[in-house]
1. Identify the residue in the stretch 1-13 that is under 26 Å from G167 (Cβ atoms) and touching a helix residue (DSSP H, G or I) at 6+ places or on another chain (Cβ under 8 Å) and, among all such residues, is surrounded by the most Cβ atoms within 10 Å (Cβ to Cβ).
2. Please go through the stretch 14-54 and give me each residue that is open to solvent by 20 Å² or more (accessible area, probe 1.4 Å), under 21 Å from the mean Cα position of the chain (by Cα) and modelled with pLDDT of 90 or more, ordered by number.
3. Taking M179 and the conditions (1) in contact (Cβ under 8 Å) with a residue 60 or more places away in the chain; (2) open to solvent by 30 Å² or more (accessible area, probe 1.4 Å); (3) under 30 Å from A35 (Cα atoms), which numbered condition does it fall short on, given that it satisfies the others?
4. Given the options A287, A225, A283, A275, name the one that is open to solvent by 50 Å² or more (accessible area, probe 1.4 Å), part of a helix (DSSP H, G or I) and not polar (S, T, N, Q).
5. Do we find a residue being in contact with a Leu (Cβ under 6 Å, 6 or more places away or on another chain) and farther than 30 Å from P205 by Cα anywhere in the stretch 276-286?
6. Please find, within the stretch 246-272, the residue that is nearest to S301 (Cα to Cα) out of those that are more than 23 Å from the chain's Cα centre (by Cα) and either basic (K, R) or assigned to a helix (DSSP H, G or I) (or both).
7. Say whether the condition of being in contact (Cβ under 8 Å) with a residue 40 or more places away in the chain, surrounded by 13 or more Cβ atoms within 10 Å (Cβ to Cβ) and in contact with a Gly (Cβ under 9 Å, 6 or more places away or on another chain) is met by at least one residue in the stretch 136-144.
8. Among all residue pairs at least 6 apart or on different chains, which show Cβ distances below 9 Å where the first residue, located in the stretch 158-172, is open to solvent by 100 Å² or more (accessible area, probe 1.4 Å) and the second is at pLDDT 80 or above?
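The values are calculated or read from the model by the stated rules, or taken from the named source; none is laboratory data. None of the values given here were measured: they were computed from a predicted structure. Quick reminder, even Gly has a Cβ in these numbers, built from the backbone with ideal geometry, and neighbours come from all protein chains shown. The accessibility values were calculated without ligands, DNA or RNA, using every heavy atom of the protein model including side chains. Shrake-Rupley method; radii C 1.70, N 1.55, O 1.52, S 1.80 Å.
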Amino acid sequence: MDAVSELLAEVRARGAVFRQTIMRPPWALRMASGAPLTLATMLRGRAWIVPDQHEPMPIGVGDIAVIRGDAPYTVADDPATTPSLMVTSADYCAGAEGVEHASGPARTCGTPAEGAAVLVSGAFERRGELSERLLQALPAVLVVSAEGSPYPSVEMVAEEVARERPGQQLVLDRLLDLMLVSALRSWFDNPDADAPAWCRALDDPVVGIALRLLHDTPARPWTVADLAAKVGVSRAALARRFKALVGEPPMAYLADWRITLAADLLGETEDTVGAIARKVGYANAFALSVAFKRLRGTRPSDHRSPELTQWRAG
């Protein structure tokens with residue numbers, strides 16, 4: 001399995017939210033929708049993605065910006081423009097300077113005007129649709145140029161967003177998936193991109209096999225010697241090569257992988273902490289809790305999604 005497939009194996013948009021926003025300069029939107037992952041592209045004009053803790057990044061027509069929800073950011077015509085609207089999940093199209101109330105086509109905010117910029121954005125609403133491994137791998141803001149992401153086209157997305165047709169939600173969900181796959185493909189194809197070391201190591205004939213073994217059977221009581229025997233190299237050779245390519249020893253990587261899987265299961269299933277512990281390679285809930293606290297700084301129960309916590313309480 002290639003690196004993109006590894007990251008997206010469990011990703012499936014359900015109820016994706018798309019909007020087309022028409023804005024007259026000067027304009028700036030403070031994004032606080034709470035979506036775990038948002039994709040944005042320009043149909044007309046240019047914009048800047050301005051994260052709080054990172055440098056502003058420009059996006060043009062057809063470029064795809066992938067923004068993690070844990071990184072507060074502003075979208076603006078210029079990095080210096082002060083936001084005139086806080087965009088939340090409840091008032092995406094609320095009126096503000098430069099942005100008008102929704103009118104005309106479905107899912108469209110603003111009225112077409114000469115010189116107006118048109119931003120098309122789509123969001124995964126629920127964190128459970130996204131694996132922890134993907135969210136950890138992505139930078140706070142990833143921008144892929146239009147040349148590297150020809151499909152789906154921005155015109156196709158904009159046309160679907162602005163229409164009401166049978167089965168449209170399913171189409172929008174798949175468009176969001178395609179946009180994300182397209183962006184990640186371009187990211188991995190760029191040798192200068194800052195993709196995670198483990199993703200690049202999947203192509204290595206030795207370390208790639210070791211990574212897939214750990215990914216596929218995390219509950220197995222792995223040792224470096226056992227892993228090396230499966231790969232067909234010496235223990236020292238595997239340990240040295242693995243650390244050089246991935247950046248950490250095999251067992252440290254395995255511990256993080258197990259906790260990542262546990263975090264996904266805590267957010268997506270009603271399984272007890274003990275059951276999840278056994279699925280990912282820990283003897284019991286206490287052992288998982290100790291490892292979870294060491295690597296994530298919280299207890300497994302704190303990571304349980306609010307919906308599942310409420311369901312179990314009821």
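1. Among residues in the stretch 1-13 that are under 26 Å from G167 (Cβ atoms) and touching a helix residue (DSSP H, G or I) at 6+ places or on another chain (Cβ under 8 Å), the one surrounded by the most Cβ atoms within 10 Å (Cβ to Cβ) is A13.
2. Scanning the stretch 14-54 gives W48, V50.
3. So the condition that M179 fails would be (2).
4. Exactly one residue qualifies, and that residue is A225.
5. For the stretch 276-286, residues in contact with a Leu (Cβ under 6 Å, 6 or more places away or on another chain) and farther than 30 Å from P205 by Cα: present.
6. My answer is A252.
7. no
8. Listed by first residue and then by second, the contacts come to R165/V171.
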